[in-house]
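To start, the structure under review is shown below, and the notes come after it.
Rule-based calculations on the coordinates, nothing more; no lab input. Small disclaimer: the values here were computed from a predicted structure and weren't measured. For neighbour counting, all protein chains shown are included, and Cβ atoms are generated from backbone atoms with ideal geometry for every residue, glycine included.
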Amino acid sequence: MTSPATADLPEAAPGGTEPVKLWFCPNDELAPVIAATLATHWLDEHEREIAARFLFERDRRQYLVAHTLVRRVLALESGVPEAEAVIWRSSRGRPFLQKPAQGLPRGGRELDFNLSHAHGHNLLGVVRRHRIGVDVERLDRADRGLATIVETFAEEEQRWVADAAPGRPRDRRVLRLWTLKEAYAKARGLGLGLAFDSFAFHLAEDMGVLGFRPPPDEAPGRWRFMELEPVPDVLASVCVTADTGRSQTLHLYHGFPWSRTAHRQLTLPEPAPVPVATSRP
């Protein structure tokens, strides 16, 4: 069961830069029986073996929806049919699409993607010629562990979290920082190999990255960051390589992509400056 990739060639944004594509798909957008059927025909042997290991049906369903979403979007964006896509992983576990020798059927040779899923929600980002990292978290996540998460942050971030009132306001700050840090680490392909206290974000009160202090091994200005709340109480972050001198747009899609549906178009912020260090009494 291989469906054709029905999308047109990639749409270029003003200035010739192709937009970043982001799909937000709750599990409820795909009925369990349909997810299982698609997985049978689309997933490779390795993915089917992983799906079979889950003890709880909710975890298996999350995996099946997330990975059928990946293969469907890659088919739309690359032209490689879902069941024929070869996905390999780096030594640190980051997935990549293996490109055919003759290039991608829908144009070009470069395509990067990144997946995140949490508690019934899936987020998938796709970009050409650049690198992307995404992360999604529910604000009402049951397995808290937020105090442990904060301990991994840089000192200035820990202070910013502590300045918020306990409860929901503080939890929101923690998860905003966490999703941004995860997205950045995934974009770089380092995952848990990158110490989360080696870089820091300066965030606006409501939403938005005001400043970014990169790790010592990276120059500033390389990345653009965006925070999103695609549905209430679900926080998402995107990190993408900055296309110097050009504006970059983001197309946000909602639901499972049977075809290319209407999207919300957003402008990615400029790379955040390095925040000025301030002393604290």
Self-check item: Relative contact order (%) - criterion: Cα under 8 Å, at least six apart; region: region 224-268
Solution: 33 percent
Quiz prompt | Under-5 Å amide H pairs with V274, H placed in peptide plane, nonlocal only | solution = F212
Quiz item: Using the Cα atoms as the points, what is the convex hull volume per residue of the chain in Å³?
Solution: 140 Å³
Practice problem: Please list, or write none, the lysines whose alpha carbon is within less than 18 Å of the alpha carbon of K21, excluding same-chain residues fewer than 8 places away. | Solution: K186
Quiz prompt | Ordering of 84-96, 223-235 by burial proxy (mean other Cβ atoms within 10 Å per residue, highest first) | solution = 223-235, 84-96
Exercise. Scale the Cα Rg of region 35-133 by the rule-of-thumb value 2.2 N^0.38 Å and send over the ratio, two decimals.
Key: 1.07
Self-check item: Qualifying trypsin sites (Lys or Arg not before Pro) for region 114-158 [loop in DSSP, other Cβ within 10 Å: at most 16]
Solution: R129, R141, R144
Quiz item: Out of T267, T68, T249, any idea which swings most in a Gaussian network model of the chain, alpha carbons joined below 10 Å?
Solution: T267
Quiz prompt | Angle between the chain longest axis and helix 57-78 axis [Cα atoms, degrees, rounded to 10] | solution = 80 degrees
Quiz prompt | Solvent-free Debye scattering, log10 I(q)/I(0), computed from the Cα coordinates of region 110-231 at q = 0.10, 0.16, 0.20 Å⁻¹ | solution = -0.30, -0.79, -1.26
Exercise. Could you work out the relative contact order of the chain, using alpha carbon pairs under 8 angstrom and six or more residues apart, expressed as a whole percent?
Key: 21 percent
Quiz item: Taking N as the number of residues in region 120-186, what is its alpha-carbon radius of gyration divided by 2.2 N^0.38 Å?
Solution: 1.23
Self-check item: Relative contact order of region 149-281, defined on C-alpha pairs under 8 angstrom at six or more residues apart (%)
Solution: 22 percent
